[in-house]
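In what follows, a single structure is set out as structure tokens and then discussed.
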Amino acid sequence: MPARRANKRASAILKAVASFAVIVATTYLGLLAVTFFIGRVVPIDPVLAIVGDRAPAHVVERTREEMGFNLPYYQQFFLYVKGVLQGDFGTSVLTTNPVMADIRRVFPATMELATVGTIIGAALGIPLGVLAAVKRGSLADQIVRIVGLVGYSVPIFWLGLLALLVFYARLGWTAGPGRIDVVFEYTFTPITGFYLLDAVLNRDWAAFKDIFAHIILPASLLGYFSLAYISRMTRSFMLNELSQEYIVAARAKGLSETRIIWGHALRNAAVPLVTVIALSYAGLLEGSVLTETVFAWPGLGLYITNSLQNADMNAVLGGTIIIGSVFIAINLLSDLLYRLLDPRTRIR
């Protein structure tokens, strides 16, 4: 009987792993299909972007053949998928470097900005959401909901320009655009690509202060938009938990309201909140294009923007695939964490 139960559990695990693999493969194939389609329908000829619009006809045709654009679409798609799986996104017209090398250089800046923004959003959004749920219908609840509504409604580029005008140009509380002051560019040694961490590892506290002064404004801006989403979802989850019977039982036992809210209700609401925070983080990674452009932040978003303005489609599609891949990975990771944290979703 135990062996039979173990075999049944092993079979269930294998089915779950196979299903997981199929979902990952299908989703990623769909991402590649969409980016391939975008690369073919945009009114930009990648061959002319490389050789120039004044190149002789025979040079254009030879380059087109070398790049495989003379082949049928299904063959082009096969070569495209093969190259992506090998980490080959082609060469950037703008930098003349392999696109993957450029992405390795700029992506840590985007991850650092999104990480700090998510930390700010979660650290403020969760308590505000709890407060709004506990004080449902009160002035505090209305203020939290208005703050969230503004976060959803105001264009991020407008808020970024306003923040630069107020906190940098007028008050001088933060540093300006960019990631680090020019004074430190030749003395600061990056190790991981995450400048705040690198400054700590190098024990360069002057550089750390300067890096923090540069990142705090764009990260706070992203954190505000993350806060709007996290606080709204936290409020919703907490309202659901506070209406459950176990909360009534806890109050009947004489437990303090603080313990009921933070020790019981929030603890159960934390399971779906993991998914919310993960999705918020993924959203900041893909939605940082305008923020990086406004603050001249040398990340993947600014890289894609500059590449698009210069008709560098290899770089645009490569950056899009990387962001999409990270989004897929974070979604799958959040689903896995949800299964680990919630016993009801585990394989029996």
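Read the figures in this text as sums done on the coordinates, not as results from a lab. Please read these numbers as outputs of a predicted model, since none were measured by experiment. FYI the Cβ positions are ideal-geometry reconstructions off the backbone, even for glycines, and counts take in every protein chain you see.
The order of Glu292, Glu65, Glu241, going from fewest to most other C-beta atoms within 10 Å of their C-beta, is Glu65, Glu241, Glu292. Computed log10 I(q)/I(0) for the chain at 0.09 Å⁻¹: -0.67, from the Debye equation with unit scatterers placed on every C-alpha and solvent omitted. Each 10 Å bin, from zero up to the one with the longest distance, holds this percent of the alpha carbon pairs of segment 220-274: 23, 44, 24, 8, 1. Using the Karplus relation 6.51 cos²θ - 1.76 cosθ + 1.60 with θ = phi - 60°, the per-residue 3J(HN,Hα) values for segment 148-162 come to x, 5, 5, x, 7, 9, 6, x, 5, 5, 5, 5, x, 5, 5 Hz, with x marking Gly and Pro. Just to verify a number: FRET efficiency for Leu201 and Ala296, C-beta to C-beta distance, R0 = 25 Å, to 0.05? After rounding, the FRET efficiency stands at 0.50. Scalar couplings 3J(HN,Hα) for segment 23-28, obtained by applying the Karplus form with A = 6.51, B = -1.76, C = 1.60 to θ = phi - 60°, are 4, 4, 5, 5, 5, 5 Hz; x denotes Gly and Pro. Approximating the spin labels as points 7 Å out from Cα along Cα→Cβ, the Asn310-to-Arg145 distance works out to 4.9 nm.
The amide H of Thr91, built 1.01 Å from its N in the peptide plane, has Val99 as neighbours under 5 Å, considering only residues 5 or more places off or on other chains.
Counting only DSSP H runs of at least 4 residues, each contributing -39500 (n - 2.57), and dividing by the residue count of the chain, the helix-based mean residue ellipticity at 222 nm comes to -24000 deg cm²/dmol.
The length gained by stretching the chain between Ser138 and Asp335 to full extension, at 0.36 nm per residue less their Cα-Cα distance, is 67.5 nm.
In a fully extended conformation the segment linking Leu14 and Gln86 would gain 23.2 nm over its present Cα-Cα distance, using 0.36 nm per residue.
Treating only the Cα positions of segment 78-119 as identical point scatterers, give the base-10 log of I(q)/I(0) from the Debye formula at each q in 0.17, 0.29, 0.31 Å⁻¹. Here the Debye-derived log intensity ratios amount to -0.59, -0.91, -0.96. By the compact-protein rule of thumb, 2.2 N^0.38 Å, the alpha-carbon radius of gyration of segment 223-326 corresponds to a ratio of 1.61.
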